[in-house]
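The values are calculated or read from the model by the stated rules, or taken from the named source; none is laboratory data. Since the structure is predicted, the reported quantities are computational estimates derived from the model, not experimental observations. What goes into the accessible areas is simple: the full protein's heavy atoms, side chains included, and nothing from ligands, DNA or RNA. Shrake-Rupley method; radii C 1.70, N 1.55, O 1.52, S 1.80 Å.
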Amino acid sequence: IIIQILLISVSVAMDAFAVSIGKGLTVSRVRVQDAVKSTLWFGGFQMLFPILGYFAASTFSKYVTQFDIFALLVFIGGNMVHEAFEEDEENSKETAQFDWKHMLPLAVACSIDAFAVGVSLTFMFTKAHMAFAILSIGVVTGLFSAAGLYIGRAFGSRWQEPAQIAGGVVLILL
């Protein structure tokens, strides 16, 4: 179960990682406070949205089947792969600013998938495993976000598309 949770965490983190690479492209140097802000924004929202998904799923659990969970994960993964090919247009609008006006919309947009994953996790794990999964998703996303800034600054956009495709494929395979 731990391996499965870590794979889910890495997959869900790929959107934030790709966006962080884009942010890294816009800065002349990555400041520690910018990496901390990215970590907190993306990691925090990636923890919040599965919790919201859990509560939504708990409320409507009698209407959800195993096939629905499978279809949801395949849809999320497929959407991530599809979005990877549209990243260039999104990144052209990216700014070097890390204030709440710029980070809030990015954090929410990256966490929509985490909401759906939270719905799925409700039916896959016990509450204890669910708590570990949510913590893992937040920590992994935070670390990947900080790393994405540095990678974007150092290597450019070359890693963005492959990261998002890999995340989508792993979710489909799960």
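I'd like the accessible area for Arg29: 1.4 Å probe, protein heavy atoms, all chains in place, Å² to the nearest 10.
Ignoring ligands and nucleic acids, Arg29 comes out at about 150 Å².
Once the Cα atoms of segment 4-51 are picked out, what are the Rg and Dmax in Å?
11.9, 37
Using only the Cα atoms, what convex hull volume per residue in Å³ does segment 96-137 have?
Hull volume over Cα atoms, normalised by residue count, gives 74 Å³.
Protein chains only, probe 1.4 Å: how do Thr141, Thr122 rank by accessible area, largest first?
If we order Thr141, Thr122 from most to least accessible, we get Thr122, Thr141.
Top to bottom by accessible area (1.4 Å), largest first, where do Leu143, Leu106 land?
Descending order: Leu143, Leu106.
If amide hydrogens are placed 1.01 Å from N in the peptide plane, which non-local residues have theirs closer than 5 Å to the one on Val30?
Amide H neighbours of Val30: none.
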